[in-house]
1. If I filter the range 36-70 down to residues being out of contact with any Ser or Thr (no Cβ under 7 Å at 6 or more places or on another chain), in a loop (DSSP other than H, G, I, E, B) and among the small types (Gly, Ala, Ser), which single residue comes out as farthest from residue 12 (Cα to Cα)?
2. Under 8 Å between Cβ atoms, which residue pairs at least 6 apart in sequence (or on different chains) link something in the range 1-25 that is over 17 Å from residue 56 (Cβ atoms) with a partner that is modelled with pLDDT of 95 or more?
3. Any residue at all in the range 19-37 that's touching a helix residue (DSSP H, G or I) at 6+ places or on another chain (Cβ under 7 Å), surrounded by 12 or more Cβ atoms within 10 Å (Cβ to Cβ) and more than 21 Å from residue 85 (Cα to Cα)?
4. Name every residue in the range 2-35 that is assigned to a strand (DSSP E or B) and of a type in the set (Ser, Thr, Tyr), in order of residue number.
Amino acid sequence: MVEIVSPGSETQDTTDKLGEYAKAGIPHYWIVRLDQTGVSTIERYRLDPASMLYKNVGTLMTEADPAPTITNPLPLTIDWAELRF
């Protein structure tokens, strides 16, 4: 599940839905945050089946890595330039 945070619904997007998706058993949850130019951060969470709570497994930031690569839940390289307005 990928949630793009909207300015008017940040609490709902980052708190309420986190609990709803965990309850539904969705294994991965990403929160995408925008700035004035496009995507600025992607927070990655994985569901812990024992507690049924999401654990943060990392945050990708534009200034930290120009092309981060992940392998879980799928192999993917983020091209920040493609995520600009």
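The values are calculated or read from the model by the stated rules, or taken from the named source; none is laboratory data. In this text the structure is predicted, and so the values were computed from the model without any measurement. Cβ sites come from the backbone with ideal geometry, for glycine too, and all protein chains shown count toward neighbours.
1. 64
2. Note: pairs meeting the criteria are 4/32; 23/52; 25/47; 25/52.
3. Within the range 19-37, one or more residues are touching a helix residue (DSSP H, G or I) at 6+ places or on another chain (Cβ under 7 Å), surrounded by 12 or more Cβ atoms within 10 Å (Cβ to Cβ) and more than 21 Å from residue 85 (Cα to Cα).
4. 29
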